[in-house]
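Taking it in order: structure first as structure tokens, then the write-up.
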């Protein structure tokens, strides 16, 4: 069976989604979803081990060798992202059961899990595929499922947020379709590896440049690159808690991966940096989003919305790493894919527990919780420290590489912005900590007890990961550095 | 003409007129697809754009009302964005290979194999079907999943009233009977269904296939709903029957892939299904096309049911 | 041949349509009009693909004995898939529109944004009273 692993990675959640829809029973749906997520994680880890020596696994669907058929290509880069996505799923799916009891009407639970599995399958598929058009199809699967999941939020604002995301996301998808179409016009192929070979001699083509522009903008919409980010805060703030957690930890990561894949795997580093000077755009946009998103996060009353803006700032860091265009920078980006998934995962899950007990997640709901929900708030604090970039947490590792990269480049203002933004992060995390630990609980709010174990356990698994990979970072940095070197190839 | 219709769509304020114009726009673009030799695409665009989409939009208008207020903010920023995007595109076309030339790179690399070898390798003359159902069968499975995902979304959002309405048969009082229409529909519907079956199983030879057949089949039921009302349609095909069928279509497609895996091929490699690879291809294509047709037809019906039953609830 | 009609301008006409749809999509506040704009935008992209696949003098890609030159079938397949994706998105978007109408009483984006803002401000006041 091991030759089928790449296909199974996506097909398992995809087909099980139809299976649970067929059974139409919430408990079965939940159990099957959790099992699927664990299987996916096992497969992803197996794949990562298989490609650790730098080899590439190719899987040709329908027995037609690429470029005639569709192929999956697994290398170290996407196996790494597969582990992130399925790992987060494996932790959050078990969490979801208790959490959605409080937020989603019971009649919709089966549909919730169907959409969740489709979303997972789409994200995994986007990551693993080696075919540019297949990427678009899987992107749309995950997008449609995501719009559905967001719209399940309790507040009516989740509806308008979902609609806004639907419009922006579809524009993004159509831009990507356009970019792929232009590439196809030039080369006659859709397979990414084949594309990379054939666009080599076309560097100066204006059509190629337009294709690059459309793909970058299209993916930029999906990853909420400033100023295309307008959909993200609303979507993350109003979706059901566990959906916010899952999306924040995975969706943007896959979009960043897609940007990397198209930039380096299709167009090539020479074209992206040498011909298009994408680094100038990325660095400037990234700096703006890091600073502004951090400041806006500081102004938020809803903690979920605050974390959403903080996510925008974190996306800025990842783009910054790409823009710095050296091995340390890319290493930082790759590490941050992994690390940000861990820390945002913890923060959003902690909020989900607050929501579960108090029915809300604004600053007001959190006041005085430090004593009433000690484990929940402790998890939040660890996540917050990691977000700030305190040593012994994962956040420190990626920031360290990012600062290193900016110093290597000699771009001092960039270093300064990173430090200032970290200070702002200290401030907005502190606001929550202050309210939770040093403020009395308002008299009109009921006292609450600690969240149940079925919620705490997944959250603390992530907390442990935050600390473990913060202390023992050799595995992740090893992979990230390896991949960064491969991606940049001859540029340095 | 297309451009004129598009501009009319922008200028109009009555949403009802806009939706109608959009239907016309779809038909026009379908005819352009025919001119460009894309008969399968034209078929689908006509059925989807002028048929399903327009119908759903009308269904939505019933609920939301159909007048648009004039926008308050100025059109400057959008215009700038649009101009910029357009400029990048026009810039991009400057180095595009000339329209229609047979030696363009698109026609050189991958496509010749589809054109020259597919009738032998896959064994059916319609190359679009060969590519769709065999060479790029995995994309098509994704497409079925997308349709399925839309169903999941629509059900989660607006749901379907599962039972017949609580007050039986009283609907005839407030609605005028439409004998001519009903007789016409009764006459037409069987033919539409037979046509759908023809399109389903003839897709290997002429334009058509599971998707188009599914849409046509669904439109027969939609016609039934429109003339006889939702309750009678429920008596004919209840949503509780359609729901599992929608999932089964997906599973039939995926299951075919799993079977090919178990028989030693890669996912969706039909050649292993029979001793003779070409025969195997045929079996595989028939199976997955049926899966496509099943899911598309049931999903379209369910989505339509959902819109209509929501509209009745609102009214 | 009908083809004279397209000739050089073909791509540009398509781009014009694309931009008309895109404009409708971002300039108007009515949610249904936005969805229609999205559809026009997408179908123009489809036309671009199909024009790319056209071979002058070729015929539709269904094998027959007396035909030598076929148009390229691959773009047709891709666009079939894309059309389906488009209708799926449209259906979901319309369903959302219905829910928005029920929840907000309007399908004008400006009004909705305003209502969301008001709700936000109200909460802020509550918090201020603490």
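Checking residue B:99 against (1) within 12 Å of chain A (Cβ to nearest Cβ); (2) surrounded by fewer than 17 Cβ atoms within 10 Å (Cβ to Cβ); (3) in a loop (DSSP other than H, G, I, E, B), only one condition comes out false. Which one?
(2)
Check off (1) assigned to a helix (DSSP H, G or I); (2) modelled with pLDDT under 90; (3) out of contact with any helix residue (DSSP H, G or I) (no Cβ under 6 Å at 6 or more places or on another chain) for residue A:49 and give me the number that stays unchecked.
All conditions pass for residue A:49, except number (2).
Restricting the first residue to segment A:165-185 and requiring it to be on the phi < 0 side of the Ramachandran plot and more than 7 Å from every other protein chain (Cβ to nearest Cβ), which pairs with a second residue that is surrounded by fewer than 24 Cβ atoms within 10 Å (Cβ to Cβ) and not in a helix (DSSP H, G or I) meet a Cβ separation below 8 Å and a spacing of at least six or different chains?
Listed by first residue and then by second, the contacts come to A:168/A:228; A:168/A:230; A:172/A:228.
Only one of these conditions is not met by residue B:221: (1) modelled with pLDDT of 85 or more; (2) closer than 21 Å to residue B:285 by Cβ. Which number is it?
(2)
Filter segment A:348-404 down to the residues that are under 28 Å from residue A:153 (Cβ atoms) and not in a helix (DSSP H, G or I) and list them by number.
Listed by number, the residues that qualify are A:359, A:360, A:361, A:362, A:367, A:368, A:373.
Test residue A:88 against the stated conditions and say whether it is within 13 Å of another protein chain (Cβ to nearest Cβ) and in contact (Cβ under 8 Å) with a residue 24 or more places away in the chain. Explain how you work it out, then say what you get.
Working: within 13 Å of another protein chain (Cβ to nearest Cβ): no; in contact (Cβ under 8 Å) with a residue 24 or more places away in the chain: yes.
For residue A:88, the condition - within 13 Å of another protein chain (Cβ to nearest Cβ) and in contact (Cβ under 8 Å) with a residue 24 or more places away in the chain - is not met.
Does segment B:114-140 hold any residues that are at the interface with chain C (Cβ under 7 Å from one of its Cβ atoms), in contact (Cβ under 8 Å) with a residue 12 or more places away in the chain and part of a helix (DSSP H, G or I), and which are they?
B:114, B:115, B:127, B:128, B:131, B:132, B:140
Considering only residues of segment A:211-227 that are surrounded by fewer than 24 Cβ atoms within 10 Å (Cβ to Cβ) and more than 21 Å from residue A:141 (Cα to Cα), which is modelled with the highest pLDDT?
A:213
Only one of these conditions is not met by residue C:14: (1) within 7 Å of chain B (Cβ to nearest Cβ); (2) more than 30 Å from residue B:67 (Cβ to Cβ); (3) at pLDDT below 85; (4) part of a helix (DSSP H, G or I). Which number is it?
(1)
Among the residues of segment C:22-40, which ones are facing chain B (nearest Cβ under 7 Å), more than 15 Å from residue B:54 (Cα to Cα) and in a helix (DSSP H, G or I)?
Once the filter is applied, which keeps residues that are facing chain B (nearest Cβ under 7 Å), more than 15 Å from residue B:54 (Cα to Cα) and in a helix (DSSP H, G or I), segment C:22-40 yields C:22, C:23, C:24, C:26, C:27.
May I ask you to list the residues in segment B:235-261 that are over 15 Å from residue A:21 (Cβ atoms), more than 9 Å from every other protein chain (Cβ to nearest Cβ), surrounded by fewer than 23 Cβ atoms within 10 Å (Cβ to Cβ) and modelled with pLDDT of 90 or more?
Across segment B:235-261, the qualifying residue is only B:259.
Determine which single condition residue C:49 fails, assuming it passes every other condition in (1) at the interface with chain B (Cβ under 7 Å from one of its Cβ atoms); (2) under 30 Å from residue B:77 (Cα atoms); (3) out of contact with any strand residue (DSSP E or B) (no Cβ under 8 Å at 6 or more places or on another chain).
(1)
Scan segment C:97-128 for residues that are touching a residue at least 60 places away in the same chain (Cβ under 8 Å), over 20 Å from residue B:51 (Cα atoms), facing chain B (nearest Cβ under 7 Å) and part of a helix (DSSP H, G or I) and jot them down.
Hit for segment C:97-128 is C:110, nothing else.
Consider only pairs whose beta carbons are under 6 Å apart and that are at least six residues apart or on different chains; among these, list those whose first residue lies in segment B:74-102 and is free of Cβ contacts under 8 Å to residues at least 40 places away in the same chain and whose second residue is assigned to a loop (DSSP other than H, G, I, E, B).
Hits for this filter: B:95/A:205; B:97/B:104; B:100/C:54; B:100/C:56; B:102/C:55.
Which residues, counting only those in segment B:177-200, are part of a loop (DSSP other than H, G, I, E, B) and surrounded by 11 or more Cβ atoms within 10 Å (Cβ to Cβ)?
B:178
Restricted to segment B:141-163, and to residues that are in contact with a helix residue (DSSP H, G or I) (Cβ under 7 Å, 6 or more places away or on another chain) and more than 7 Å from every other protein chain (Cβ to nearest Cβ), which residue is surrounded by the fewest Cβ atoms within 10 Å (Cβ to Cβ)?
The qualifying residue surrounded by the fewest Cβ atoms within 10 Å (Cβ to Cβ) is B:162.
Checking the conditions here, which among A:312, A:330 is at pLDDT 90 or above, under 15 Å from residue A:248 (Cβ atoms) and touching a helix residue (DSSP H, G or I) at 6+ places or on another chain (Cβ under 7 Å)?
Unique residue meeting the criteria: A:312.
Report, by residue number, each residue of segment A:21-45 that is within 9 Å of another protein chain (Cβ to nearest Cβ) and buried (at least 24 other Cβ atoms within 10 Å of the Cβ).
Hit for segment A:21-45 is A:21, nothing else.
Confirm whether residue A:54 is part of a loop (DSSP other than H, G, I, E, B) and at positive phi.
yes
Can you tell me which residue in segment B:150-165 is modelled with the lowest pLDDT, limited to those that are closer than 13 Å to residue B:239 by Cβ and assigned to a loop (DSSP other than H, G, I, E, B)?
Of all residues in segment B:150-165, those closer than 13 Å to residue B:239 by Cβ come to B:151, B:154-155, B:158-164.
Of the ones still in play, those that are also assigned to a loop (DSSP other than H, G, I, E, B) are B:158-164.
On the way: B:158: 88, B:159: 84, B:160: 82, B:161: 72, B:162: 67, B:163: 63, B:164: 59.
Looking at residues that are closer than 13 Å to residue B:239 by Cβ and assigned to a loop (DSSP other than H, G, I, E, B), I get B:164.
Please count how many residues of segment A:52-63 are touching a helix residue (DSSP H, G or I) at 6+ places or on another chain (Cβ under 9 Å), closer than 15 Å to residue B:131 by Cα and surrounded by fewer than 24 Cβ atoms within 10 Å (Cβ to Cβ).
Of the residues in segment A:52-63, 1 are touching a helix residue (DSSP H, G or I) at 6+ places or on another chain (Cβ under 9 Å), closer than 15 Å to residue B:131 by Cα and surrounded by fewer than 24 Cβ atoms within 10 Å (Cβ to Cβ).
With A:152, A:221 as the choices, which residue is under 30 Å from residue B:158 (Cα atoms) and under 16 Å from the mean Cα position of the chain (by Cα)?
Exactly one of A:152, A:221 is under 30 Å from residue B:158 (Cα atoms) and under 16 Å from the mean Cα position of the chain (by Cα), namely A:221.
The values are calculated or read from the model by the stated rules, or taken from the named source; none is laboratory data. These numbers come from a predicted model, not from an experiment. Cβ sites come from the backbone with ideal geometry, for glycine too, and all protein chains shown count toward neighbours.
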